[in-house]
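Down below is the structure, laid out as structure tokens.
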Amino acid sequence: MVNRILVGAHYGLKDWIIQRATAIIMAVYTVIFLVVIGSVGPDSLETWRGVFAGGFMRFATFLFFISLFYHAWIGIRDIWMDYIKPDGIRLLLMIATATVLVGYAGWAIRILWRT
Amino acid sequence: MAEMAIKKKRPKNLDLPTIRLPLPGILSIIHRISGAALFLLLPFLLWLFESSLTSAQTFASFKGVVDNALVKIILLGLIWFYMHHFCAGIRYLLLDLHKGIDLKSAVLSSKIVFGVSIALTLIVGVKVLW
């Protein structure tokens with residue numbers, strides 16, 4: 001007999017872990033970013049572009065954005081699941097959220113690699 | 001069994017003026033509100049980031065927008081939301097590790113989150129916006 005429990009905890013474990021992993025990546029990046037803007041702010045275009053032109057900062061910023069969008073997906077999805085009860089509207093909001101976040105990811109990549 | 005559980009006497013407090021959300025609860029709801037607000041303003045923030053990096057013209061319009069007093073206030077609010085989400089998030093990671101889960105430390109760590117996030121907001125806000 002298959003004893004599969006269809007409700008309850010642990011089906012969201014993957015998202016729970018990703019939410020925390022992305023949070024740690026963003027927290028580390030936040031510290032790096034604050035140290036960087038402590039010395040180089042967006043005062044002139046050349047120096048400000050220089051900050052993100054380096055391989056490390058560009059990759060770190062890319063990683064930050066991807067973490068941010070995945071983290072936002074989990075958080076906003078939780079908000080819809082908590083407050084929006086009709087399945088149809090909830091599904092629509094989730095699709096809309098995922099769609100804009102994928103779009104933002106493309107936008108962020110374009111910003112970083114055009115610099 | 002179920003009936004017994006229902007019949008069990010429980011303490012009741014329906015004196016509404018004396019009920020209020022404790023500090024960790026206020027921290028929690030601001031964590032959610034700040035996350036939602038930051039999500040909603042993502043297109044504005046990405047647009048600001050893009051203009052600050054693209055060309056001399058877009059950089060000038062970036063400067064123009066950020067110099068606006070109303071925009072400065074909105075950005076200061078967003079910096080506070082970010083810092084609160086950041087500090088409260090670190091507190092939640094510690095709670096996940098069962099650090100500070102008793103009532104006294106939970107209230108104390110909430111106070112620390114509010115203090116540190118407001119201090120960081122002022123430091124970063126003054127540095128970046130003024």
task: Would you check which residues across segment A:38-57 are in contact (Cβ under 8 Å) with a residue 12 or more places away in the chain, within 11 Å of chain B (Cβ to nearest Cβ) and touching a helix residue (DSSP H, G or I) at 6+ places or on another chain (Cβ under 7 Å) and list them?
output: A:Arg49, A:Val51, A:Phe52
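Provide a single number: the residues in segment B:88-110 that are in contact with a Leu (Cβ under 7 Å, 6 or more places away or on another chain) and under 11 Å from B:Leu27 (Cα atoms).
Let us first name the residues in segment B:88-110 that are in contact with a Leu (Cβ under 7 Å, 6 or more places away or on another chain), namely B:88, B:100-101, B:107, B:110.
Subsequent filtering for residues that are under 11 Å from B:Leu27 (Cα atoms) retains B:88, B:107, B:110.
Summing the residues that are in contact with a Leu (Cβ under 7 Å, 6 or more places away or on another chain) and under 11 Å from B:Leu27 (Cα atoms) in segment B:88-110 gives 3.
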- prompt: For segment A:56-115, how many residues meet the condition of being of a type in the set (Lys, Arg) and under 30 Å from B:Ser55 (Cβ atoms)?
  reply: 3
message: Need the failing condition index for B:Ala60 against (1) modelled with pLDDT of 95 or more; (2) within 12 Å of another protein chain (Cβ to nearest Cβ); (3) surrounded by 14 or more Cβ atoms within 10 Å (Cβ to Cβ), just the number.
response: (3)
- prompt: Considering B:Phe44, B:Phe86, B:Phe39, B:Phe81, which residue is closer than 19 Å to A:Tyr104 by Cβ, at pLDDT 95 or above and at the interface with chain A (Cβ under 9 Å from one of its Cβ atoms)?
  reply: B:Phe39
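When residues of segment B:12-32 are filtered for being under 17 Å from the mean Cα position of the chain (by Cα), assigned to a helix (DSSP H, G or I) and exposed (fewer than 12 other Cβ atoms within 10 Å of the Cβ), how many remain?
Of all residues in segment B:12-32, those under 17 Å from the mean Cα position of the chain (by Cα) come to B:21-32.
Those left that are additionally assigned to a helix (DSSP H, G or I): B:23-32.
This time we only want the ones that are exposed (fewer than 12 other Cβ atoms within 10 Å of the Cβ), so: B:25, B:29.
The total comes to 2.
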message: With the requirement that a residue be surrounded by 17 or more Cβ atoms within 10 Å (Cβ to Cβ) and in contact with a Gly (Cβ under 9 Å, 6 or more places away or on another chain), what does segment B:33-57 give you?
response: B:Gly35, B:Phe39
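The values are calculated or read from the model by the stated rules, or taken from the named source; none is laboratory data. This is a predicted model, so every value here is computed, not measured. Heads up, the Cβs are rebuilt from the backbone with ideal geometry, glycines too, and the neighbour counts pull from every protein chain shown.
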